[in-house]
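Visitor: Shown below is the structure under consideration.
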Amino acid sequence: MDQNAFMELNVEIMKPIRFYFALISGKLSIVLLKLLRKRATNFPGSVVLTLCPDFLKFIGKPEKMIAVTGTNGKTTVSNMLNDILKDNGYDCTNNNFGGNVDTGISAALLKDCTLTGKAKKKYGVLEIDERSAARIYPYVKPDILVVTNLTRDSYRRNAHVEYIFDILDSNIPDKTHLILNADDLISSSLKKNNKRTYFAMQPIEGEQPTVNIVRDITVCPLCGSPLKYDYLHYNHIGRAHCSRCSFCSPRADIEVISAAPTGNGHSDIKLMNNGTEESYNVPCEAVINLYNATAVITALRTFGLSEEQLRKSFKKIAVVKTRYDITEENGRTLRCIMAKGQNPVACSHTLGIARNSPNSAVILLWDDFYDRRETSENTAWYYDVDFELLVNDNIKQIIVAGKRSPDLLLRLLIAGIPEEKIRITEHEDDAAALLELGGIKNIYIFFDMYVDRYKDSLKEKIKEMMKNADRSAIS
Ligand SMILES: [Zn+2]
């Protein structure tokens with residue numbers, strides 16, 4: 001018996017009493033939540049970790065696990081992986097009902113284990129928060145780990161991108177096969193000695209590349225000389241080489257060579273998989289989501305699914321639009337678009353949606369509901385979001401609501417937006433009253449993930465206004 005097998009056997013024998021106590025309490029909390037008809041949450045995970053802090057060490061895990069981490073796209077990628085695997089007969093334990101930190105992972109494994117703590121399902125797809133790596137990877141060792149990308153995010157919690165890189169680099173298990181974005185010079189350098197498969201995307205016909213304020217890597221990590229980009233999709237995502245030494249983006253194993261929208265939110269993509277052409281119709285259009293679909297294809301081809309299996313399943317899965325809702329009323333369109341606040345890359349992407357939309361009004365609900373309880377909330381991220389995208393004649397009004405509205409007003413003025421277009425209020429509920437529908441055809445509500453309640457009431461009010469507004473006033 002080799003040493004690893006011996007140790008595993010030992011752990012099997014030596015599971016402490018506190019583990020079983022936590023397991024039974026956790027299972028009871030699941031039953032209780034069901035009886036109370038509460039939605040499944042992280043709560044059972046918090047219960048087990050309180051009673052047994054090293055619960056993840058002892059709980060049974062699926063034999064084969066795919067995990068997803070990275071700043072943007074984790075949830076989208078995990079959901080697609082789950083849907084496609086399920087469609088092909090793989091029943092997976094997953095944490096898409098709850099959180100991606102240790103409590104969420106514990107809750108997911110707890111839900112799908114027997115009363116003695118053995119995993120019931122053979123496969124697992126887990127979304128894992130980058131910052132939680134040190135608490136998860138020592139015990140949960142994915143066979144395949146997708147890293148979507150790394151960019152700056154939630155500054156107070158995550159500090160800077162190098163800090164997150166180091167956390168991942170020192171905690172991802174050595175045996176995990178990595179699926180990495182070759183167009184991201186930061187995450188593509190993770191765990192240099194691990195087995196890896198790279199994906200990338202060539203420039204897309206008709207794409208409008210955005211030159212963003214934030215670029216999280218600008219110089220060669222080897223010699224410090226400026227990087228030159230062969231192409232750039234957004235922020236620092238693109239193909240680059242050093243202006244002085246031989247450093248360059250890694251060569252992709254799977255590379256998208258063309259993408260074209262086919263209507264209804266889908267796109268036909270062609271890619272080269274180690275020299276062989278493959279084609280798929282994927283349920284997304286925006287570049288950021290095409291990357292997510294490519295990450296999914298790369299992970300599942302590595303997992304062992306065929307081109308045909310993927311192609312069939314993509315047809316059945318829903319268009320990526322979970323955070324996007326559209327209401328049409330009396331000739332006007334209202335779009336509510338969620339972006340994670342304090343994440344300048346995601347927020348800039350959403351602003352890009354309104355960028356060229358005619359006769360538009362934009363409402364910003366970008367206060368972090370939890371952070372703003374402390375007056376010392378960090379507003380640095382406002383200066384990393386590309387508000388300059390709104391400097392455009394088609395954007396007629398900008399309404400900012402929330403306690404931080406004076407900060408956002410300052411930022412919008414610095415971006416060069418004329419003051420007469422901007423209205424602010426500290427109370428989200430008053431935002432609708434500041435909107436003037438005359439001449440406005442498209443209304444956008446951009447909101448942070450924790451201010452749903454304000455968004456919902458604002459949406460109802462604006463819908464009512466749209467119903468009663470004069471149609472002829474739409475120019
Ligand atoms: Zn160099």
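The values are calculated or read from the model by the stated rules, or taken from the named source; none is laboratory data. Values in this document were obtained by computation on a predicted structure and should not be read as measured data. Here Cβ is always computed from backbone atoms with ideal geometry, including for glycine, and neighbour counts include all displayed protein chains. For the accessible areas, the whole protein counts, side chains as well, though only heavy atoms, and no ligand, DNA or RNA atoms are used. Shrake-Rupley method; radii C 1.70, N 1.55, O 1.52, S 1.80 Å.
Visitor: Looking only at residues in segment 108-122 that are open to solvent by 20 Å² or more (accessible area, probe 1.4 Å) and out of contact with any strand residue (DSSP E or B) (no Cβ under 8 Å at 6 or more places or on another chain), which one is nearest to residue 138 (Cα to Cα)?
Guide: 118
Visitor: Let me ask something additional. If residue 385 satisfies every condition in (1) out of contact with any Pro (no Cβ under 8 Å at 6 or more places or on another chain); (2) modelled with pLDDT of 95 or more; (3) within 21 Å of residue 339 (Cα to Cα) but one, which is the exception?
Guide: Of (1) out of contact with any Pro (no Cβ under 8 Å at 6 or more places or on another chain); (2) modelled with pLDDT of 95 or more; (3) within 21 Å of residue 339 (Cα to Cα), only one is false for residue 385: (1).
Visitor: Could you give every pair whose Cβ atoms fall below 6 Å, whose first residue belongs to segment 122-138 and is aliphatic (A, V, I, L, M), and whose second residue is buried (at least 19 other Cβ atoms within 10 Å of the Cβ) and part of a strand (DSSP E or B), counting only separations of at least 6 or pairs across chains?
Guide: Pairs that qualify, where the first residue is aliphatic (A, V, I, L, M) and the partner is buried (at least 19 other Cβ atoms within 10 Å of the Cβ) and part of a strand (DSSP E or B), are 125/66; 125/92; 125/94; 126/67; 128/67; 128/69.
Visitor: On the given criteria, is residue 178 within 16 Å of the ligand (Cβ to nearest atom) and of a type outside the set (S, T, N, Q)?
Guide: Against the criterion (within 16 Å of the ligand (Cβ to nearest atom) and of a type outside the set (S, T, N, Q)), residue 178 does not qualify.
Visitor: Among what's in segment 116-130 and is touching a helix residue (DSSP H, G or I) at 6+ places or on another chain (Cβ under 7 Å) and assigned to a loop (DSSP other than H, G, I, E, B), pick the residue that is nearest to residue 177 (Cα to Cα).
Guide: Selected residue: 128.
Visitor: Another question, if that's okay. Any residue at all in segment 313-325 that is closer than 16 Å to residue 185 by Cα and more than 16 Å from the ligand (Cβ to nearest atom)?
Guide: No; the residues of segment 313-325 include none that is closer than 16 Å to residue 185 by Cα and more than 16 Å from the ligand (Cβ to nearest atom).
Visitor: Of 133, 200, which residue is assigned to a helix (DSSP H, G or I) and under 22 Å from the mean Cα position of the chain (by Cα)?
Guide: Step by step, each of 133, 200 is checked, and only 133 is assigned to a helix (DSSP H, G or I) and under 22 Å from the mean Cα position of the chain (by Cα).
Visitor: A further question on this structure: Just to be sure I understand the filter: pairs with C-beta atoms under 7 Å, separated by 6 or more residues or on different chains, first member in segment 213-228 and near the ligand (Cβ under 7 Å from one of its atoms), second member open to solvent by 20 Å² or more (accessible area, probe 1.4 Å) and of a type in the set (Val, Ile, Thr). Which pairs pass?
Guide: 225/219
Visitor: Just name the residue that is nearest to the ligand (Cβ to nearest atom) out of those in segment 229-251 that are among the small types (Gly, Ala, Ser) and surrounded by 16 or more Cβ atoms within 10 Å (Cβ to Cβ).
Guide: Taking the candidates together, the pick is 240.
Visitor: Only one of these conditions is not met by residue 207: (1) under 23 Å from residue 383 (Cα atoms); (2) open to solvent by 20 Å² or more (accessible area, probe 1.4 Å). Which number is it?
Guide: (1)
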